[in-house]
1. Hey, what do the phi angles of region 69-78 turn into as Karplus ³J(HN,Hα) couplings, whole Hz, using 6.51/-1.76/1.60 and θ = phi - 60°, x for Gly and Pro?
2. Taking 0.36 nm per residue of sequence separation and subtracting the Cα-Cα distance, how much length would be gained by fully extending the chain between residue 97 and residue 7, in nm to one decimal?
3. Separation between the residue 134 and residue 52 pseudo-spin-labels, each 7 Å from Cα along Cα→Cβ, expressed in nm?
4. So how far apart, in nm, are the two label points at residue 105 and residue 72 if each is 7 Å from Cα heading toward Cβ?
Amino acid sequence: MGGEGSMQHMINVLRSNRSLLRKKNMFKRERSFLSTKKEYYKAAQGKIDLKTATKEELILIRQKILKHRRAENIRAWSIIFIVVTVITAIGIYNFNKAEEIKIQSDEIVKEKYLIENINEYSYFIEEGDQWIEKKN
């Protein structure tokens, strides 16, 4: 069949390109079933003693794994909840503090305005007092 050589070349190029790509984690090597199996095969010097488990043992192992996974999920969600609660509390505290500072600055501005314009107010008060005395 025609094109088989070019197909094989394409497959080889794709494999070599994939091997050139940066791995996702620099410190951990790739852990696939086949690579792990090869490591155990080398460590056992070609003699692998595989253990078989009964259905009951497999069910117990599965339950143990599910229990462990559930505990990890609870731990992770509780940590997330605590972090979100702390961040929310800090945000509310800062918002309230900013409101207090704003109210204090508004009061200071009003006091400064009154101090600067006290003469005008006292003039109007005196004029009102004189007007009331004229009426009486």
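Please treat every number below as a calculation from the coordinates, not as lab data. Owing to the predicted nature of the structure, the values given are computational and were not obtained by experimental measurement. As a convention, Cβ positions derive from the backbone with ideal geometry for all residues, glycine included, and neighbour counts pool all protein chains shown.
1. My calculation for region 69-78 gives 5, 4, 4, 5, 5, 4, 4, 5, 5, 5 Hz in order.
2. Using 0.36 nm per residue and subtracting the Cα-Cα distance, I get 25.4 nm.
3. 12.0 nm
4. Distance between the two pseudo-spin positions: 4.9 nm.
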